[in-house]
Amino acid sequence: MKTMIEMLRPTVISLVLFTALCGVVYPVLSTVALQSLFASQAQGSLIVGKDGKTLGSELIGENFSDPKYFWGRLSATSPYAYNASNSSGSNFGSNNPALMDAVKGRVETLKAADPGNTKPIPVDLVTASGSGVDPHISPAAAEYQIGRVAKARNLAEVKVQELVKQYTQNRQFGVLGEPTVNVLELNLALDGKL
């Protein structure tokens, strides 16, 4: 008959072995491989300006409310908008009064900022994304805002439109997803920081 120590030995050896493999070796190898193969993404996809300073991340939206900037999607994070440490959506259903109030409020804000704009407002300008920190808007949402931004910056609309085209990202691999515009990159380009 085996003693208690003889019975526990395989369990203890397995625990130590798998802790070393899964808790040390695998994370170290994964980190080294990803840092060397995808250095930018592993560091947070940071946006670096002309002066070498880090200006933000291309993966996290920021709150723009000045009329001279393109505005992103609404953020449902708390306690403040675009809080990356508390990423979440509102989870409001389409018939929730709170969602309707948020949409109405954003429509009023957009119309007040650009009263002469009679184009239909794209849905992504009046609803929040699932993460609450989405940095992208649709090309239609960017197109809707060109007049306001051009007027606020005293620029020709065609110049602003060229920047929108330059910062429009096509479908991934040509087939996945929809074209998008990164709001932070576009606004930084407008400020001449990129």
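Under 7 Å between Cβ atoms, at least 6 apart or on separate chains: pull out the pairs that start in the range 163-185 with a residue that is touching a residue at least 12 places away in the same chain (Cβ under 8 Å) and over 12 Å from Pro139 (Cβ atoms) and end on any residue that is loosely packed, with under 12 Cβ neighbours inside 10 Å and of a type outside the set (A, V, I, L, M, F, W, C). Sorted first by the residue in the range 163-185, then by its partner, the list stays empty. Pairing residues of the range 92-112 that are more than 18 Å from Thr77 (Cα to Cα) with residues that are in a helix (DSSP H, G or I), at Cβ distances under 9 Å and at least 6 apart in sequence or on separate chains, gives Ser94/Met100; Val107/Leu125; Leu110/Leu125; Leu110/Tyr144; Leu110/Gln145; Leu110/Arg148. Among the residues making up the range 152-165, those that are part of a helix (DSSP H, G or I), surrounded by 12 or more Cβ atoms within 10 Å (Cβ to Cβ) and either at pLDDT below 95 or not basic (Lys, Arg) (or both) are Ala152, Glu157, Val160, Gln161, Leu163, Val164. Does Ala128 fit the bill of being crowded, with 19+ Cβ neighbours inside 10 Å and closer than 25 Å to Tyr80 by Cα? Judged against the criteria, Ala128 is a match. Can you pull out the residues in the range 72-82 that are part of a loop (DSSP other than H, G, I, E, B) and closer than 25 Å to Val149 by Cβ? Answer for the range 72-82, where residues must be part of a loop (DSSP other than H, G, I, E, B) and closer than 25 Å to Val149 by Cβ: Gly72, Arg73, Ser75, Ala76, Thr77, Tyr80, Ala81, Tyr82. Please determine whether any residue of the range 13-22 is among the polar types (S, T, N, Q) and under 24 Å from Pro139 (Cα atoms). No, the range 13-22 contains no residue that is among the polar types (S, T, N, Q) and under 24 Å from Pro139 (Cα atoms). Close Cβ contacts (under 9 Å, 6 or more residues apart or on different chains) running from residues in the range 113-130 that are touching a residue at least 40 places away in the same chain (Cβ under 8 Å) and more than 14 Å from Ala150 (Cα to Cα) to residues that are hydroxyl-bearing (Ser, Thr, Tyr) and assigned to a helix (DSSP H, G or I) comprise Leu125/Tyr144.
The values are calculated or read from the model by the stated rules, or taken from the named source; none is laboratory data. All values reported here derive from a predicted model rather than from experimental measurement. Glycine gets a Cβ as well: all are built from the backbone with ideal geometry, and neighbour counts include every protein chain shown.
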